[in-house]
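Okay, structure first, notes after.
The values are calculated or read from the model by the stated rules, or taken from the named source; none is laboratory data. The structure displayed is predicted, hence computed values, not measured ones. All Cβ positions, glycine included, derive from the backbone under ideal geometry; neighbour counts span all protein chains shown. All accessible areas refer to the heavy atoms of the entire protein, side chains included, with ligands and DNA or RNA removed. Shrake-Rupley method; radii C 1.70, N 1.55, O 1.52, S 1.80 Å.
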Amino acid sequence: MINKRFAIIGGGNLGSAIAEGLVKSNAIINDNITITRRKTHLIGYLKQKGVNVLTDNVSAVKNADIVLLVVKPYQLADILTEIKPFLKPEMIIVSMVAGFSLSSIGTIIGDQIPLFRGMPNTAIALCESMTCLAFDKKWNAYIEEVTAIFDLLGKSVIITEDLMASATVLGSCGIAYALRFMRAAMQGGIEIGFAADVAQFITAQTMKGASELILQSNHHPEQEIDKVTTPRGITISGLNEMEHQGFSSSLIQGLITSFKKIDKQDK
Ligand SMILES: NC(=O)c1ccc[n+]([C@@H]2O[C@H](COP(=O)([O-])OP(=O)(O)OC[C@H]3O[C@@H](n4cnc5c(N)ncnc54)[C@H](OP(=O)(O)O)[C@@H]3O)[C@@H](O)[C@H]2O)c1
């Protein structure tokens, strides 16, 4: 059990997914989780699970050990100003806000409170997030505690802050890219004969299997592809046609386009 009280400021897509993940982990007492947003009726289901749902950021922060900031970048400065008088050095703050640097946050709240950036993805709701963490080395003593939380909610990796924009694209936007691949594969599956629900099931489980093959073996993907591609076979013909049509190139170009956009917005 992690005997800490969590305040999730911003119960939108990611904030509510984090609350769901914390509940699912069974490692935190649900009553120790507080989540805020203005339209609280949209997250009533979390209240039913015993999570405290509030509109008041100050009350949430006052009672917290760990404060997770999960609002949009343009909302963050006002919220930091609002909660600043109630932050204490014994708390830990983790900002999930893309494009908002540790130093920009520090400019508002000062440098006395342990501060981290985390870049998870929405699979955090199922405790399957990939979360990239960055921090100033002066907060080294707290990283084990922070890592323990995100390892409950999936896997975590520590990166330097200059890679946060890249982490946002590869890990957080990455969920959407993978799902678009899934949709495309399903559409192909329907064209070759499957009902949509069956095509979805086959595609999703196949993607899960492909991920596990790599995660569990640490093999390069091409090493696993070699096992599936018979000389003059059907798999290699399909793969090569995908490449002729720009499959890898379009994925890489998409990643770079997202990266260029986020990099321009960094504060
Ligand atoms: N979505 C992802 O997959 C993902 C992944 C990694 C990082 N992030 C980062 O996480 C942050 C949130 O993203 P999101 O997709 O979850 O956005 P979102 O769905 O818009 O969530 C933000 C939430 O903040 C709430 N909010 C706004 N003002 C508030 C205030 N004054 N007090 C309390 N709550 C307030 C809003 O709810 P009300 O309008 O009801 O107040 C809204 O639901 C962003 O900075 C994003 O860069 C997102």
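Observations on the structure shown:
- Candidate set: the range 100-116, residues that are within 16 Å of the ligand (Cβ to nearest atom) and not in a helix (DSSP H, G or I); chosen: the one surrounded by the fewest Cβ atoms within 10 Å (Cβ to Cβ): 101
- Scanning the range 75-87 for residues that are more than 9 Å from the ligand (Cβ to nearest atom) and part of a helix (DSSP H, G or I) yields 77, 80, 81, 83, 84, 85, 86.
- Scanning the range 8-34 for residues that are more than 17 Å from the chain's Cα centre (by Cα) and of a type outside the set (Asp, Glu) returns 26, 27, 28, 29, 30, 32, 33, 34.
- Selection within the range 115-171 - among the charged types (D, E, K, R), touching a residue at least 24 places away in the same chain (Cβ under 8 Å) and under 15 Å from residue 215 (Cβ atoms): 128, 155
- Residue 125, sole failed condition from (1) hydrophobic (A, V, I, L, M, F, W, C); (2) over 27 Å from residue 178 (Cβ atoms); (3) within 11 Å of the ligand (Cβ to nearest atom): (2)
- Any hit, the range 117-135, residues being open to solvent by less than 10 Å² (accessible area, probe 1.4 Å), closer than 22 Å to residue 61 by Cβ, in a helix (DSSP H, G or I) and modelled with pLDDT of 95 or more: yes
- Residues in the range 51-60 that are open to solvent by less than 20 Å² (accessible area, probe 1.4 Å) and among the hydroxyl-bearing types (Ser, Thr, Tyr): there are none.
- The set of residues from the range 1-11 being surrounded by fewer than 16 Cβ atoms within 10 Å (Cβ to Cβ) and either of a type outside the set (A, V, I, L, M) or within 10 Å of the ligand (Cβ to nearest atom) (or both) comprises just one member, 3.
- Scanning the range 29-58 for residues that are more than 17 Å from residue 17 (Cα to Cα), in contact (Cβ under 8 Å) with a residue 24 or more places away in the chain and not hydrophobic (A, V, I, L, M, F, W, C) yields a single hit, 57.
- Which listed residue, of 65, 78, is of a type in the set (D, E, K, R) and surrounded by fewer than 16 Cβ atoms within 10 Å (Cβ to Cβ): 78
- Among (1) in contact with a helix residue (DSSP H, G or I) (Cβ under 6 Å, 6 or more places away or on another chain); (2) of a type in the set (A, V, I, L, M); (3) part of a helix (DSSP H, G or I), the one test that residue 228 misses: (3)
- Residue list for the range 238-248, restricted to those being assigned to a helix (DSSP H, G or I) and open to solvent by 70 Å² or more (accessible area, probe 1.4 Å): 240, 241, 242, 243, 244, 247
- Residues (more than 12 Å from the ligand (Cβ to nearest atom), assigned to a helix (DSSP H, G or I) and within 26 Å of residue 259 (Cα to Cα)) located in the range 152-176: 161, 162, 163, 166
- The sole residue among 97, 71 that is open to solvent by less than 10 Å² (accessible area, probe 1.4 Å), part of a loop (DSSP other than H, G, I, E, B) and within 11 Å of the ligand (Cβ to nearest atom) is 97.
- Within the range 12-50, being within 12 Å of the ligand (Cβ to nearest atom), surrounded by 15 or more Cβ atoms within 10 Å (Cβ to Cβ) and more than 17 Å from residue 122 (Cα to Cα) holds for 34, 36, 37, 40.
- The single condition from (1) in contact (Cβ under 8 Å) with a residue 12 or more places away in the chain; (2) loosely packed, with under 11 Cβ neighbours inside 10 Å that residue 258 fails is (2).
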